[in-house]
Amino acid sequence: MGKGTGTPMATRQRESSITSCCSTSSCDADDEGVRGTCEDASLCKRFAVSIGYWHDPYIQHFVRLSKERKAPEINRGYFARVHGVSQLIKAFLRKTECHCQIVNLGAGMDTTFWRLKDEDLLPSKYFEVDFPMIVTRKLHSIKLPTLLIAECVLVYMTPEQSANLLKWAANSFERAMFINYEQVNMGDRFGQIMIENLRRRQCDLAGVETCKSLESQKERLLSNGWETASAVDMMELYNRLPRAEVSRIESLEFLDEMELLEQLMRHYCLCWATKGGNELGLKEITY
């Protein structure tokens, strides 16, 4: 049989399945049913935990306790499921000495990540995948403070794209801090030379418009849902370093053009924004 003989049939099958799955009404109905299974399973697990089948101090933060009592066979079934899956996960983690990653598909309100963390068994990376609606709900339930870091990232996005990212972060986490390091003061001649040099290397700064000044950097954060915003250029930050540390690094090698260093550092900045976390003093964080 020739190599390409089966391709048209496979293609037709894929196309027909895509067509049948993507009518809006049937897709939504199917998805709603699947999302409902997440709710059902979560309620069952929450009830079983509440009467002592297994220990899970985290599920209470994601799932309400149902007034409806679940049948003993359901509780035991979930106990066996949770125990069996957990044992296999731990066996894999021990075999790999946690130098691995976990991708939890259809994670729902699963709390495996935090339970593994309690046992010092977190893998190198842990990903959860589910419907956007479920993931968003879970993010809103998470009370752990979250730090997001972007170093020379936003400047490569259009202003609209970076605004969407910042809004998503501000809306998704109740107590959070965002750190952004990138260019600033890009409207002057030095800034234009930087842009031209990068363009010659096929590197376009799509978001340079937002890098006009420290004020424009702060305004972007504040206008996209963050409660506080601060920014300093890197020369100002350098001047705030402990003198002993500055003396140490400056003695490592001779710098002929101090003016060039200052010019360069005036065109980069460190910005940070916070949201919530008053009890933690997040708003008081400064450099």
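The values are calculated or read from the model by the stated rules, or taken from the named source; none is laboratory data. Just so it is clear, the structure is predicted and the values come from calculations on it, not from any experiment. Quick reminder, even Gly has a Cβ in these numbers, built from the backbone with ideal geometry, and neighbours come from all protein chains shown. Surface areas here come from the heavy atoms of the whole protein model, side chains and all, with no ligands, DNA or RNA. Shrake-Rupley method; radii C 1.70, N 1.55, O 1.52, S 1.80 Å.
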Matching residues in the stretch 70-88 (farther than 20 Å from Asn104 by Cβ and not aliphatic (A, V, I, L, M)) number 6
Scanning the stretch 99-141 for residues that are over 20 Å from Asn171 (Cα atoms) and among the polar types (S, T, N, Q), the one modelled with the lowest pLDDT turns out to be Gln101
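Could you list all residues from the stretch 50-70 that are farther than 23 Å from Ile142 by Cα and open to solvent by 70 Å² or more (accessible area, probe 1.4 Å)? Break it down into steps so the answer makes sense when it comes.
We begin by selecting, within the stretch 50-70, every residue farther than 23 Å from Ile142 by Cα; these are 51-53, 67-70.
Those that are farther than 23 Å from Ile142 by Cα and open to solvent by 70 Å² or more (accessible area, probe 1.4 Å): Ile51, Lys67, Glu68, Arg69.
For the structure I just gave you, tell me whether Glu68 is closer than 20 Å to Arg46 by Cβ and part of a helix (DSSP H, G or I). Step through it out loud before you land on a result.
On the way: closer than 20 Å to Arg46 by Cβ: yes; part of a helix (DSSP H, G or I): no.
In short, no.
Which residues, taken from the stretch 92-139, are acidic (Asp, Glu) and farther than 15 Å from Val63 by Cβ?
Glu97, Asp118, Glu119, Asp120, Glu128
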Any residue at all in the stretch 177-196 that is surrounded by 14 or more Cβ atoms within 10 Å (Cβ to Cβ), under 28 Å from the mean Cα position of the chain (by Cα) and part of a loop (DSSP other than H, G, I, E, B)? yes
Filter the stretch 124-147 for residues that are farther than 30 Å from Tyr181 by Cβ and hydrophobic (A, V, I, L, M, F, W, C); the one that is surrounded by the fewest Cβ atoms within 10 Å (Cβ to Cβ) is Met133
When restricted to Ala150, Ala169, Ala107, the only residue open to solvent by less than 30 Å² (accessible area, probe 1.4 Å) and in a strand (DSSP E or B) is Ala150
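Could you check the stretch 71-104 and list, in sequence order, the residues that are part of a loop (DSSP other than H, G, I, E, B) and open to solvent by less than 90 Å² (accessible area, probe 1.4 Å)? Working first, answer last.
Taking the stretch 71-104 first, the residues part of a loop (DSSP other than H, G, I, E, B) are 71, 97-100.
Once the filter is applied, which keeps residues that are part of a loop (DSSP other than H, G, I, E, B) and open to solvent by less than 90 Å² (accessible area, probe 1.4 Å), the stretch 71-104 yields Ala71, Cys98, Cys100.
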Note on the stretch 116-136: residues free of Cβ contacts under 8 Å to residues at least 12 places away in the same chain and among the basic types (Lys, Arg) are Lys117
Conditions (1) open to solvent by 70 Å² or more (accessible area, probe 1.4 Å); (2) modelled with pLDDT under 95 -> Asp233 fails only (1)
(1) crowded, with 17+ Cβ neighbours inside 10 Å; (2) hydrophobic (A, V, I, L, M, F, W, C); (3) touching a Cys at 6+ places or on another chain (Cβ under 7 Å) all hold for Leu121 apart from (1)
Among (1) in a loop (DSSP other than H, G, I, E, B); (2) open to solvent by 40 Å² or more (accessible area, probe 1.4 Å), Cys203 falls short only on (2)
